[in-house]
Amino acid sequence: MRSWSFPMGRWFGVDVRIHAFFLALTGPCMLASTSTNGTLWRGAMLWLLLLLAVIVREFVRIIGAAYFGLQIRNILLLPTGGLYAYANPESTERAVSPGVQTPMAMLGPLSNLLFALIVAGLIAGASSQVSVIETPWITTGHLMRTTVWLNVFLGLINVLPAYPMDGGRLLLSEFRRSREAPSASRAAAGVSQLLAVLVFGSGIALRQPWLVMAGFFIFIGAQLEDQGTLFQSVVDNVRMKDVMLTEFSTMSPSDTLEDALFKSIHSLQDDFPVVRGVNLVGIVSRQSILDALRVDGNGYVQGVMSRAFQVAQPDDSLGAMIRRMTAGRGLALMPVTEGERIVGIVTLQNLMHSMGLLAEHRKLQRPR
């Protein structure tokens, strides 16, 4: 969700980001304004109207998600709509159930078409001399008419059975009836990329730049969704015991900060479990030890350790652990415990290294 994107703030408790490709559209919009003898500000307004059309549909979908009890963590805005990441596995599973997915898929196109009708009504009521159906429909020369047709275009393009368009989500739901989730995702992504190429080619043949851009962004969106689904399926099938470090350094709450700093010099860890006997009682970071020594001088680990931490069980999924770590601000270490006894740790620092070695190990264990 975060690669090639920029934050737009937190709306209704949801982190909203905009993809770099969306921002890059400002260039073509500016070019469109100069090619029709318009001014640059009209090109900027054309881009803002497209952003408005996307925001309208996503605002309605956020309301719909709240109605159905779905907790959204963040949204990535593309020119064709938004890609969602849910806050917990329950919301992810509920979102793909037929009773929720079908109405959620309808909300996006219907909201854009309804908004287009409202703006068209305002134009007709304000001036009978302005024709909404006059061509060109999308132009910097008439921004009000452009608002109508941008929303119509966005609503209709999302009806296509191309994932991650709204119609494509229904297609994916059908594939999931007879296939496993990764296989269904790959099939939907394949169909979507084929349709994206057809839309792109149609735009070139008909000399319609909006169709060309729609085909391009459908292709990009399908790839992003496919990669996200495959990643999720991988991490949900990996257990904590598969990737946890079983050889790690610990500290005692009675260690002095100078002793703790000396221990950390001889360890590759940035964060350390603090144990009393065999029981986990806290977590301390190398940076917090350094900061305390610089400000207050020598003391004890129990004075700077964090007592608020989360733990995982050996059979917990890696996906659940990643969601917990990314949800917790500054959480970089996850202790793995059996009862109160710590048996391993997983850190973001070593996770990719462990995953790579695990993949190689499983590859070698496959029957030849």
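The values are calculated or read from the model by the stated rules, or taken from the named source; none is laboratory data. Source: prediction; values computed, not measured. Cβ coordinates were reconstructed from backbone atoms using ideal geometry, including for glycine residues, and neighbour counts include every protein chain displayed. Note: areas computed on protein heavy atoms with side chains; ligands, DNA, RNA excluded. Shrake-Rupley method; radii C 1.70, N 1.55, O 1.52, S 1.80 Å.
Close amide-amide hydrogen proximity is noted between Gly282 and Val274, each under 5 Å apart and 5 or more residues distant or on a separate chain (H modeled in the peptide plane; Pro and chain starts excluded).
The residues of the chain present an accessible area of 52 Å² per residue when probed at 1.4 Å with all protein chains retained.
Provide the three semi-axes, in whole Å and in decreasing order, of the ellipsoid equivalent to the chain as defined by the square roots of 5 times the Cα gyration tensor eigenvalues.
50, 24, 18
Near the amide H of Leu160, within less than 5 Å, lie the amide hydrogens of Gly167, all on another chain or at least 5 residues away, with H placed in the peptide plane. For the stretch 17-114, the fraction of C-alpha pairs farther apart than 24 angstrom is 34 percent. Taken over the C-alpha atoms, the stretch 71-211 has Rg and Dmax values of 17.7, 56 angstrom. A DSSP coil position with no more than 14 other Cβ atoms inside 10 Å describes none of the chymotrypsin sites (Phe, Trp or Tyr not before Pro) in the stretch 61-100. Taking 25 °C and 0.890 mPa s as conditions, the stretch 67-120 diffuses translationally at an estimated 197 µm²/s according to Stokes-Einstein applied to its Kirkwood radius (Cα pairs). Per-residue 3J(HN,Hα) values for the stretch 158-163, derived from phi via the Karplus relation 6.51 cos²θ - 1.76 cosθ + 1.60 with θ = phi - 60°, read 7, 7, 4, x, 10, 5 Hz in sequence order (x marks Gly and Pro).
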